[in-house]
Structure formats: structure tokens, C-alpha cells
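Report on one structure; see the data block that follows.
The values are calculated or read from the model by the stated rules, or taken from the named source; none is laboratory data. This one's a predicted model, so the numbers in the text were calculated from it and none came from an experiment. Neighbour counts are summed over all protein chains in view; Cβ atoms, including those assigned to glycine, are modelled from backbone coordinates with ideal geometry. Keep in mind that these areas ignore ligands, DNA and RNA; they rest on the heavy atoms of the full protein, side chains included. Shrake-Rupley method; radii C 1.70, N 1.55, O 1.52, S 1.80 Å.
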Amino acid sequence: AQKKRRGVKKKPRKKPVKPKGRPSQALLNLLGLVGEIHAYRALRKTLGIKNVGPNSWISENSKHQYPENVTNDGYGCDFKIQHDRRIHYIEVKATQGDDESFELGSSEVKLAIDVADKRKELFYVLHVLDVLSPKPRFRLLPNPYSKRYKGKYRFEEAGLRVRYEVS
């Protein structure tokens, strides 16, 4: 005979806890790819198909859509667009929510510094917010290394990898 349990309550299930800390590399790759896809579509809509073609998208992510593209992830930007007699270098940064911070890699920093105050070459960061939502938002940000926009940015937790040679 089975005994009936009286007064025993089931423990309430806990909601899954979101992991804190750094997102996985797989998630970062997904955010980057989706951000660049959104950026490509937005740039084509804004600047026109004539100005923004498959060869304008120079990051490795472009190969998902255009396998024949010549790419270079070390170039310092995701898009290189010639428009209005200028070259526009656009680095895409994508975040899931409203986070107003992002990391720039060493090649991105180098390119931004190299063209910081040139007239014919412009560096931008296209920040895609809520990248995984049905309606992502876009912020086109000026070059963080330009003297003109010096007060618009705060550099946080900046690191620098240094290599030296023993002589």
C-alpha cells in the first residue's frame, strides 16, 4: 500500500539566472554578423545600391552572403564606401540592448587614428542597438579619435598589447 503524503509542498521553481560576465564567443560572433547584416541593409537604403555594393562590405562576415568577396578583418573597419568624393570607413558595433559602450580592436583604433582629422577619409562607428530584436536601432557615431569629437567619448578599461624584441 502506498502512503499519501500530506502537507508536503513542492518547492517553487527558480527562474533561470542569466549568466553574468563576458558573453560567449559564439554569441559575440552572432551579434557581429547580425549587426553587419542590418548595417549593410541600412547603408544601402541610405546611400543607395549604387554606392554600397557587395564589395563595400569588406569584413569576413560578408562571405556568408557573398562568398566571392575579398575580405580583410585586419583592415580596421567592416565597410569601405566611396561616396561624395570621400572614403567612408565604417566599423559596426552591435549590442543586444541599450549599452552605450563597445570595444575597438587594435586595427580599428589604428585606422581611426590614421584618418582622424583628414577631409577625404572619414571613420565612423555604426552602433546597432537591440540587434536581435525585430526593430534594431542605429547610431552613427563620429571618429572617437578626431579632435573635433574629443569630449564626446570616455575611454574605459582600455588595454594595450605590447610586443618587444630582446636585442
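Between residue 66 and residue 132, 0.36 nm times their residue separation minus their Cα-Cα distance comes to what?
That pair, residue 66 and residue 132, stretches by 21.6 nm at full extension.
Students sometimes get this wrong: rank 109, 125 by accessible area, probe 1.4 Å, all chains present, largest first. Could the numbers behind the result be given before it?
On the way: 109 35, 125 0 Å².
The residues order as 109, 125, largest area first.
Work out how much length residue 86 to residue 73 would gain on full extension: take 0.36 nm times their residue separation and subtract the Cα-Cα distance, in nm to one decimal.
Separation in residues times 0.36 nm, less the Cα-Cα distance, equals 2.5 nm.
List the trypsin sites (Lys or Arg not before Pro) in region 19-73 that DSSP assigns to loop (not H, G, I, E or B) and whose Cβ has at most 12 other Cβ atoms within 10 Å. Which are they?
Passing both the DSSP loop test and the Cβ count: 20, 50.
Please report Rg (one decimal) and Dmax (integer) in Å for the Cα set of region 55-167.
When restricted to Cα atoms, region 55-167 yields Rg and Dmax of 15.4, 56 Å.
With n ≥ 4 as the cut-off for DSSP H runs, can you work out [θ] at 222 nm for the chain, using -39500 (n - 2.57) per run divided by the number of residues, rounded to the nearest 500? Write down the numbers at each step before the final one.
Details: 2 runs with 32 residues, N = 167.
Estimated from H runs of four or more residues: -6500 deg cm²/dmol.
Identify which of 38, 88, 64 has the largest mean-square fluctuation in a Gaussian network model of the chain, with springs joining Cα atoms closer than 10 Å.
So, out of 38, 88, 64, the one fluctuating most is 64.
Modelling each spin label as a point 7 Å along the Cα-to-Cβ direction, I'd like the residue 152/residue 41 distance in nm, to one decimal.
Going from the residue 152 label point to the residue 41 one covers 2.6 nm.
Report in % the part of the accessible area of the chain that belongs to carbon and sulfur, leaving out ligands and nucleic acids; probe 1.4 Å. Each step should come with its number before you reach the end.
Numbers: 6840 of 13480 Å².
On the chain, the fraction of accessible area on carbon and sulfur atoms equals 51 percent.
Pick from 69, 61, 29: which residue has the top mean-square fluctuation in a GNM of the chain where Cα pairs under 10 Å get a spring?
Among 69, 61, 29, the largest GNM mean-square fluctuation belongs to 29.
Kindly report the accessible area of region 89-133 per residue (heavy atoms of protein chains, probe 1.4 Å, no ligands, DNA or RNA), in Å².
50
Expressed as an acute angle from 0 to 90° and rounded to the nearest 10, what is the orientation of the C-alpha long axis of helix 25-47 relative to the principal long axis of the chain?
For helix 25-47, the angle is close to 50 degrees.
Grab the beta carbon distance between residue 51 and residue 25, set R0 = 45 Å, and tell me the FRET efficiency rounded to 0.05.
0.85
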